Amino acid sequence: MSPVSRSKGWNGVQDMHYPAPLASHDDVAKDPIVFWDTLRRFHFQMNTKFMIPVIGGKELDLHILYVEVTRRGGFEKVVAEKKWREVGTIFMFSPTTTSASFVLRKHYFSLLYHYEQVYFFNMQGPLCSPKDTFPVCSRSCNELAIVQYSPKPINDHPSNPHLEGIGTIDGKFDCGYLVTVKLGSEVLTGVLYHPEDERPSSPTPQLSNAIVPYTGKARHSRRRRKSKRRGDPNYPKPNRSGYNFFFAEKHYKLKSLFPNREREFTKMIGESWSNLSPEERMVYQNIGLKDKERYRREVKEYKESMKLRQTMEVNRGGSLLDGTAKWYLLLEVENAELRLRRTS
């Protein structure tokens, strides 16, 4: 392992120490479930924010990123040997995704560097930081910048000083965005940086051959709720409301009657639901209540079976890997029950 310098702590916290690893490096490299479980628990123990980055509209697979970087000797060795471009080819990003090497390096440093120290290098004690600290956008930044843009001058409309541009955001990271901007017939791709703290924007000079910095608020993309059944196929099927049962019944009938008007089904079913009498609506609501009781009963049975299975495995000397995975599933079940109680 290359030498590292001692730091005061992660994110400026003093006297922080690395927690003990919950599994070996071989285990987390081979099994994605163990990797995600140990990574989330690691960030929870370190009291740090953990969010899965999105690049080019897709979630970055941190497990693949960790495996590829540690295969090449770890973060510092990949930086020293300039292999981030080689790592980026594994993900097969779209052609519009620029500066992939920069973004991968930044996300790895913020989410996986300290995890790597514990699980790959078996570090203990105070937190460490690399000698060549990753250049993070500081609060002293006063300007926005576009890098890796097309060097060709834009002279399609030299007489128009107010040339309009159409831009799209291809990816997002802490200090900016990956963007594609179309100005006339020119298509520019690059990285748009912004300071961490928003300050009053000064009047921007109107330049005919410049990209106007983006100063609006960042859009928060909707993240899909991950189904617990994906982690365990035996997890009970979530309950549905009375309207869900009504919707499924009407959708099946409308699809056979109007196969080419599926886009209008949601509106049509909503109007049908509104026109139901209280007695007719109560029929579906009772079905929903029964399904809710079914889900609550199955969750309870599932939880009891998981506890029984875990007890049997512990008595038989079950491995840490199985215990960790089962603990995480039990935690998911308890959270589901708590949410169910709040909604009831």
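The values are calculated or read from the model by the stated rules, or taken from the named source; none is laboratory data. As the structure is a computational prediction, the values presented were derived from the model and not from experiment. Using ideal geometry, Cβ is built from the backbone for each residue, glycine included, and neighbour counts are taken over all protein chains shown. Please note that ligands, DNA and RNA were not included when accessible areas were found on the heavy atoms of the full protein model with its side chains. Shrake-Rupley method; radii C 1.70, N 1.55, O 1.52, S 1.80 Å.
Could you work out how far apart the two model spin labels at T168 and K290 are, taking each label as a point 7 Å from the Cα in the direction of the beta carbon, and quote it in nm?
The modelled label-to-label distance comes out at 4.8 nm.
With r as the distance between the Cβ atoms of N260 and D61 and R0 = 41 Å, compute the FRET efficiency 1/(1 + (r/R0)^6) and round to 0.05. Show your work: numbers first, answer last.
Details: r = 38 Å, r/R0 = 0.93.
Approximately 0.60, to the nearest 0.05.
Please tell me which of these pairs span more than 19 angstrom C-alpha to C-alpha: K49/K106; K106/K172; K30/K83?
Details: K49/K106 15 Å; K106/K172 11 Å; K30/K83 22 Å.
Over 19 Å apart, Cα to Cα: K30/K83.
At 1.4 Å probe size, with every protein chain present, just tell me what the per residue accessible area of region 25-120 comes to in Å². Please report the intermediate quantities before stating the final value.
On the way: 4390 Å² over 96 residues.
So region 25-120 comes to 46 Å² accessible per residue, rounded to a whole number.
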